[in-house]
1. Using 0.36 nm per residue of separation minus the Cα-Cα distance, give me the extension gain between I18 and L37 in nm, one decimal.
2. What trypsin sites (Lys or Arg not before Pro) in the stretch 1-62 are in a loop by DSSP, with at most 12 other Cβ atoms within 10 Å of the Cβ?
3. Using the basic label-point model (7 angstrom from Cα toward the beta carbon), what is the E54 to L73 distance in nanometres?
4. Using a simple charge model, +1 on the beta-carbon of Lys and Arg, -1 on the beta-carbon of Asp and Glu, nothing else, what dipole does the stretch 7-65 show about its Cα centre, in debye to the nearest 20?
5. Compute and list, largest first, the equivalent-ellipsoid semi-axes of the stretch 7-65 from the alpha carbon gyration tensor, each √(5λ) rounded to a whole angstrom.
Amino acid sequence: MPPHVDLAILFSVGVSPINKAQVKENIQEAEEQYTRLLNLLKTSGLHAVGKRGEKLGDLMILVKCPQEKLDVLARAERFVLLSISNAVGTVTVPGSRGIDEL
């Protein structure tokens, strides 16, 4: 059974630089950006892993959000919705569910 993935991010690196110095600079910058992105995802409580993409210079970053993190986010969102509702009265957005249905 394939692993559950909540989000897939395509990370592309330009592969048509003008000269060797440009190639080296692009590779170094891409490595730094990739590392920062993975660290940000992981420190946010998400599970992330990078895999080779289909094309040269493409990486797929597969992200999974643990159920505990989803529960915390859902509680926080409900709190914000309740706070807004208490502050301004009932707000109905067409096509949305009511707070009681969440």
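Here, each number is a calculation from the coordinates, and none is a lab measurement. Note that the coordinates shown come from a computational prediction; the quantities given were computed from them, not determined experimentally. Backbone-built Cβ (ideal geometry, glycine too); neighbour counts: all protein chains shown.
1. Stretched fully, the I18-L37 segment lengthens by 4.2 nm.
2. Hits after loop and neighbour filter: K55.
3. Here the modelled spin labels are 2.6 nm apart.
4. I would put it at about 180 debye.
5. That gives 25, 13, 6 Å for the three semi-axes.
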